[in-house]
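A.B. asks: Before I ask anything, here is the structure I am working with.
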Amino acid sequence: MNIFWEILVYGAVQSSVYALLATGFSLIFGVAGVVNLSHTALYMIGAYLIYTLFSMLQFPLTLAVFFSVVIVAAIALFIQHFIIRPLIDSHYSVMIITTSLALFFQQVIITFYGPADRNVKGFYEEKVALFGVVDIDGQRLLTLGVAAVVIILLWFFINKTKFGKAILAVSQNREAALFMGIEVKRIYLLVMGISAALAAIAGAFIVPTLGARPHMWETVLPRVFAVVVLGGLGSMEGTLLAALIIGYIEVLVSFSISSYFGEIIALIIILLILSFRPSGLMGKRAEV
Amino acid sequence: MEENKMQAGFRWEKCLSYGIVGAVLLLLPLFVKNPSFIDLVILANIYAVYAASWDLLSGYSGQINFGHSLFIGGGAYTAGFLNFYLQVPPVITIFLGGLVAALLGLIIGIPCLRIRGPYLALATFAASAVPLGLASVYWEYTGGDDGLYGIAPLTLNITGKYYLSLFLLFVCGGILLAIGRSKKGLILKSIREDELGAMASGINTTRFKLITFIVSGFFAGIAGAFYTHNQLHVGTETLSLHLSILVVIMSVVGGMGTITGPIAGAFLLTIFNEMLRGIEEVRLLIYTLSVVFILLFMPKGVLPTLTQGLPRLFR
Amino acid sequence: MEQIMEVQGLTKNFGGLSALRNVSFTLEKGETLGIIGPNGAGKTTLFNLLTGFLKPTQGTINFRGENIAGWKPYAIVNKGIARTFQIVRPFLQLTAQENVIISCLCARAMEKRRGADRPEAKARKLLKNVGLSGKEFILAKDLPHGDTKRLEMARALAAEPELLLLDEPFAGLGHHETSALFPLIEQLSREGHSIIIIEHKLRELMKLVGRVITLHFGEKIADGTPDELSRNQKVIEAYLGKGGRTFATV
């Protein structure tokens, strides 16, 4: 019975991390039409920043998270303005250069932190008795809680505020939005900033569980792709649904067969979706 | 008509430069005795075929492939398995490696027909990541991350290895270049520019796109299999995302859609990588940063920027 | 006269929207047929159906004895129908000559090669015929708009078509360029090509065609000579609303 609860929570945690990452990725594509492959590298940088600020420099947790998010967002804005914008005409150029950038970041990390894993103490060490039935470590629950709060806040932001509606407008029809007086360039920057913040938060809270590793941007990339493709690029609801599906499938497969298979499942899902229904569950049309 | 003359003069200059490069490569072992340098050029030759085969698919027909390691690794592991488990001799394994990779090209080409742009990149990437995962899952057969050792060499003599790799480059690169220069290559370019327009011109674009996948896969597989017999080892680095990205970078840096550009890019980056070996700590750092810079400031690639820029200087 | 095409009950629905409804007409060999109608009437949809870019919901397109409805575009080209596009779409990074060569390489053109005409030579000849001599090596993206329209035509002709579909050949051209392009189309007509032209510039169109079909909201509302059409109340209303004046000047 314990296994059931563990799967339930682990699946939810997995899903929430994927949801944070995939939503950001999907936002950038939906709004700016750009496939930013350095996105998961931002997640990695967020993780290492927490390690540096919280574990190494003993910053208080909230401050560490705050700085981590701000720095990562700043990096993302830099990338958007100086690296992506000049090449915005050619989507594959953007893909190529952001991949190179991700490799560059990986190298920076290896240079400064070495190739081995770095461990971060959990933020909440205790095990929590969940529903009085099973003990789940507090870190995982904290991750889940934070992710849920952030996602709900994001949902409200997108659907209920002026900025959020502007983002939706640009994602649906860029030219019309321009005509309506929406400053599209600013919206791009806003979206990049939000996505980066999401990635940084994901990295920050998962690092005590997974550890900070220079390859973490690579290993999580296929899963994020799978979520984004399944949910449909540009659709927040689709992404959330897909994150749940993929997160749980992965945890189930890991528990029952092997963790390697979990990754393969994600990839096979990508291939199947792209072959038969490229727009995913709820996304923009993919065929020209 | 001035354009015509420029074209003709250009062609003469190009042939001369190919001739010079070819001669240098052929005569290299006579002048350079350092075995690690020879090894480096062997590697560059192999990577050049990786890049050239990628270019036909992605540069010419516009189907940007982010998972070229599927073909390279497919060929590499085919050769590795055949030789390791069944003692099949190297030349046959290489040929079969190419065939398996060609088949993979067909298998992945079919679903890729209907998708474009970022979706195609994702699909090709995912396709190459599946065998990578499988290699880990079935580690008892594949040797896992370490791979299989003790693969038979093509020849023990290093000069022999060098000339064989040169033969690989000249033949594979030559064929790919011939295809690119031919009317078929022109049709591929038209498909890249506007697939519907090509269809409206009476071209069966589906057939062309699939065949390009197959041909690209074939040559990548051959080179991958050759690599296995050169290293006497097959491992997961031949299926890695790193390799796929490296091939893309080499081709983009060299200049996509030319075959010669990617070959030059492969040489450039392999040698550049080696040059940085002195400053080991920051080597990869400088390497990746340089790539970003080149992509930003020479988006057409190094070779086209130079070949278009130089004649301008002489006017 | 020999009938080369018969369209029967052609219908195309997009979800709930009916873009084309039960359209039927015939075409004789050597005939130049005009298609007119207000924007959104279904003219380009008709062309897309005739050339395989759309599959009909219902109806048949009989061309030279076969029902080509639903065929792939390249198959239709190789059967003998070529088209130009309303918004020109040359291969921008290829030269003018290369643009034409592509069409020369389709199965039909390769079959019908006269003598040992190499594609380059044929392309050069066609470019000359449409008035683009000397511009062979210019990249399509560097050609002025009027020239790209001529290039479109050269490409269509390179496929050795029996039937030419011209989608608004004069669109976007100024008065001078229109007058310059006109003789080219007139010549094709005189040479005996079968042509269907969609056009809004009625003055030019009426001088080129022997018969005109009018589409309105996806339906065929008239089919006759330019003269007959100018007196057709339904056509006048469709274009100009009730109380419009005649427009045909032949």
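Each value in this text was obtained by applying a stated rule to the coordinates, not by laboratory testing. What you see is a predicted model; the values in this text were computed from it and never measured. With ideal geometry, Cβ positions are generated from the backbone for all residues, glycine too; neighbour counts draw on all protein chains shown.
A.B. asks: Compute the angle between helix C:119-129 and the longest alpha-carbon principal axis of chain C, please, reported from 0 to 90 degrees and rounded to the nearest 10.
C.D. replies: 50 degrees
A.B. asks: In nm, give the distance between the simple-model label positions of A:GLU183 and A:LYS165, each being 7 Å from the Cα along the Cα-to-Cβ direction.
C.D. replies: 1.9 nm
A.B. asks: Continuing with the same structure: Work out the FRET efficiency for A:PHE156 and C:PHE14 from their Cβ-Cβ distance, taking R0 = 35 Å, and round it to the nearest 0.05.
C.D. replies: FRET efficiency, A:PHE156 to C:PHE14: 0.45.
A.B. asks: In debye, nearest 20, what is the charge dipole magnitude of chain C about its Cα centre with +1 on Lys and Arg Cβ and -1 on Asp and Glu Cβ, if you could check?
C.D. replies: Here the size comes out at about 280 debye.
A.B. asks: Using a/c under 1.5 as the rounded threshold, could you call chain B rounded, prolate or oblate? The axes a ≥ b ≥ c are square roots of the C-alpha gyration tensor eigenvalues, and prolate needs a/b larger than b/c, oblate otherwise.
C.D. replies: oblate
A.B. asks: On to the next question. Tell me, what HN-Hα J-couplings in whole Hz come from the Karplus equation 6.51 cos²θ - 1.76 cosθ + 1.60 at θ = phi - 60° for each residue of region C:141-157, using x for Gly and Pro?
C.D. replies: Couplings: 5, 9, 7, x, 4, x, 5, 5, 5, 5, 4, 3, 5, 4, 4, 5, 5 Hz.
A.B. asks: Hey, another quick one. Could the peptides B:178-186, B:240-248 be put in order, highest first, of the mean number of other beta-carbon atoms found within 10 Å of their residues?
C.D. replies: B:240-248, B:178-186
A.B. asks: For the pair A:ASN2 and B:ARG207, what calculated FRET efficiency results from E = 1/(1 + (r/R0)^6), where r is the Cβ-Cβ distance and R0 = 60 Å, to the nearest 0.05?
C.D. replies: 0.60
A.B. asks: So for the protein assembly as shown, taking the charge dipole from beta-carbon charges (+1 Lys/Arg, -1 Asp/Glu), which of C:ILE221, B:GLY22, A:ILE269 sits furthest toward the positive end?
C.D. replies: C:ILE221
A.B. asks: Return the long-range amide H neighbours of C:LEU20 (sequence gap of 5 or more, or a different chain), with a cut-off of under 5 Å between placed amide H atoms.
C.D. replies: Residues meeting the amide H criterion: C:LYS12.
A.B. asks: What helices does chain A have that are whole DSSP H segments, at least 24 Å long along their own axis by Cα, and with mean Kyte-Doolittle hydropathy of 0.5 or more?
C.D. replies: Both cut-offs are met by A:2-32, A:61-78, A:91-113, A:138-160, A:184-210, A:236-256, A:259-276.
A.B. asks: Moving to a separate point now. I need the peptides C:137-144, A:22-29 ranked by packing, meaning the mean over residues of other C-beta atoms within 10 angstrom, with the highest value on top.
C.D. replies: Ranking the peptides C:137-144, A:22-29 by packing returns A:22-29, C:137-144.
A.B. asks: Then there is this: In debye, nearest 20: dipole of chain A around its Cα centre with unit charges on the Cβ of K, R (+) and D, E (-)?
C.D. replies: With only Lys, Arg, Asp and Glu charged at Cβ, the dipole is about 700 debye.
A.B. asks: Averaged over its residues, how many other protein chain Cβ atoms are within 10 Å of peptide B:108-118's Cβ atoms?
C.D. replies: The per-residue average across the peptide is 5.
A.B. asks: Can you give me the angle between helix C:175-190 and the longest principal axis of chain C, using Cα atoms only, in degrees from 0 to 90, rounded to the nearest 10?
C.D. replies: Here the helix axis deviates by roughly 90 degrees.
A.B. asks: I've got another one for you. Kindly write out, for region B:238-251 in residue order, the coupling ³J(HN,Hα) from the Karplus curve 6.51 cos²θ - 1.76 cosθ + 1.60 (θ = phi - 60°), rounded to whole Hz, with x marking Gly and Pro.
C.D. replies: 6, 10, 6, 4, 3, 5, 4, 5, 4, 4, 4, 4, 4, 6
A.B. asks: For peptide A:263-276, what's the mean number of Cβ atoms from other chains within 10 Å of each residue's Cβ?
C.D. replies: Mean partner-chain Cβ count within 10 Å for A:263-276: 6.
A.B. asks: What is the dipole size for chain B, taken about its Cα centre, with +1 at each Lys and Arg Cβ and -1 at each Asp and Glu Cβ, in debye to the nearest 20?
C.D. replies: It works out to roughly 1020 debye.
A.B. asks: Run the helix sum for chain A: -39,500 (n - 2.57) per DSSP H stretch of 4+ residues, divided by residue count, reported at 222 nm to the nearest 500 deg cm²/dmol.
C.D. replies: -24500 deg cm²/dmol
A.B. asks: Say each of B:ASP39 and B:LEU296 gets a label point 7 Å from the Cα, pointing the same way as Cα to Cβ; how far apart are those two points in nm?
C.D. replies: 3.5 nm
A.B. asks: Which cross-chain or sequence-distant (5 or more) residues have an amide H under 5 Å from the amide H of C:ILE4, H modelled 1.01 Å from N in plane?
C.D. replies: Counting only residues 5 or more places away or on other chains, the set is C:LEU27, C:GLU28, C:LYS29.
A.B. asks: Still on this structure: Just going by the charge dipole of the protein assembly as shown, with Lys and Arg at +1 and Asp and Glu at -1 on Cβ, which of B:LEU120, C:ALA116, A:GLY238 is farthest out on the positive end?
C.D. replies: Positive-end residue among those listed: C:ALA116.
A.B. asks: Could you tell me which of A:LEU198, A:ALA47, A:ILE28 has its Cα farthest along the dipole of region A:15-213 towards the positive end, charges placed at Cβ (Lys, Arg +1; Asp, Glu -1), taken about the Cα centre?
C.D. replies: A:ILE28
A.B. asks: Rank by packing, highest mean first: peptides A:60-68, A:211-219, with packing defined as the count of other Cβ atoms within 10 Å averaged across residues.
C.D. replies: A:211-219, A:60-68
A.B. asks: Could you list which residues have their amide H under 5 Å from that of B:VAL88, counting only those 5 or more apart in sequence or on another chain, with H placed in the peptide plane?
C.D. replies: Answer set, sorted by chain and number: B:ASN83.
A.B. asks: Within a 10 angstrom radius of each residue's Cβ in A:89-95, how many Cβ atoms of other chains show up on average? Whole number is fine.
C.D. replies: Mean partner shielding for this stretch: 5.
A.B. asks: In addition: Local charge sum around A:PRO222 (other residues, Cβ-Cβ under 11 Å, Lys/Arg +1, Asp/Glu -1)?
C.D. replies: Its environment carries a net charge of -2.
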